Amino acid sequence: MDAVICAHINEVFLENLVRLVNEFSPVPLVLDHSAYLNASGLPESSRLNSVCGLAQHKNICAKLTFCVTGSEQAYPFTDTHGVIRRVISAYTPERCIGGVDFPCEPWLKKASYQEHLQMFTEELGLSANEKTAILSETPLELWFSS
């Protein structure tokens, strides 16, 4: 099957997702918005622990598009930086995908497209290799390898 499944779900459906992942293990799956992680209840929220626990399934990638929507602060949304770093650590950069919620301006007034991108290029303190994996290599491999 030449398909990638994007799971646009929240925490209550993660258990169901595990059953599907086990049944269809060769199919790549993207956990969109990382199951809507946010800065509340940190550092040990049950949602964050659940999302990081899914990293054991090697066909799941985490899409890091929660850095703005999950924040209770203004740019540069530092309250989500630790959450993002923990997800990257659990999944590795090779299984994480950056995201900018394009076109974000019509419905997400907290950040511009440029600020979304700068989260990954400047604010998170990612290494050059991490940036390359998260912003280009992983998405290209996932969606355009075949």
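The values are calculated or read from the model by the stated rules, or taken from the named source; none is laboratory data. Note that the coordinates shown come from a computational prediction; the quantities given were computed from them, not determined experimentally. Note: ideal-geometry Cβ built from the backbone for every residue, glycine included; neighbour counts use all protein chains shown.
State the number of residues belonging to the range 43-64 that are under 24 Å from Phe24 (Cβ atoms) and among the small types (Gly, Ala, Ser).
Selection size over the range 43-64: 4.
Being within 23 Å of Ser40 (Cβ to Cβ), crowded, with 16+ Cβ neighbours inside 10 Å and either modelled with pLDDT under 95 or touching an Asp or Glu at 6+ places or on another chain (Cβ under 7 Å) (or both) is the requirement here; does Val68 meet it?
Answer is yes for this residue.
Specify the residue that is farthest from Ala39 (Cα to Cα); the eligible residues are those in the range 89-119 that are modelled with pLDDT of 95 or more and surrounded by fewer than 20 Cβ atoms within 10 Å (Cβ to Cβ).
If we take residues in the range 89-119 being modelled with pLDDT of 95 or more and surrounded by fewer than 20 Cβ atoms within 10 Å (Cβ to Cβ), then Glu94 is farthest from Ala39 (Cα to Cα).
Can you list residue pairs whose Cβ atoms sit under 8 Å apart, with the first residue in the range 51-62 being surrounded by fewer than 18 Cβ atoms within 10 Å (Cβ to Cβ) and the second being of a type in the set (D, E, K, R) and part of a helix (DSSP H, G or I)? Count only pairs 6 or more apart in sequence or on different chains.
Lys58/Arg95
Pull out all pairs, ordered by first then second residue, where Cβ-Cβ is under 7 Å, the residues are six or more apart or on different chains, the first lies in the range 1-28 and is in contact (Cβ under 8 Å) with a residue 40 or more places away in the chain and within 21 Å of Leu64 (Cα to Cα), and the second is part of a loop (DSSP other than H, G, I, E, B) and of a type outside the set (A, V, I, L, M).
Final answer for the pair search is Val4/Pro28; Pro28/Asn59.
Pull up the range 125-143, narrow it to residues that are in contact with a Cys (Cβ under 8 Å, 6 or more places away or on another chain) and modelled with pLDDT of 95 or more, then point me to the one that is surrounded by the most Cβ atoms within 10 Å (Cβ to Cβ).
Of everything passing the filter in the range 125-143, Ile134 is surrounded by the most Cβ atoms within 10 Å (Cβ to Cβ).
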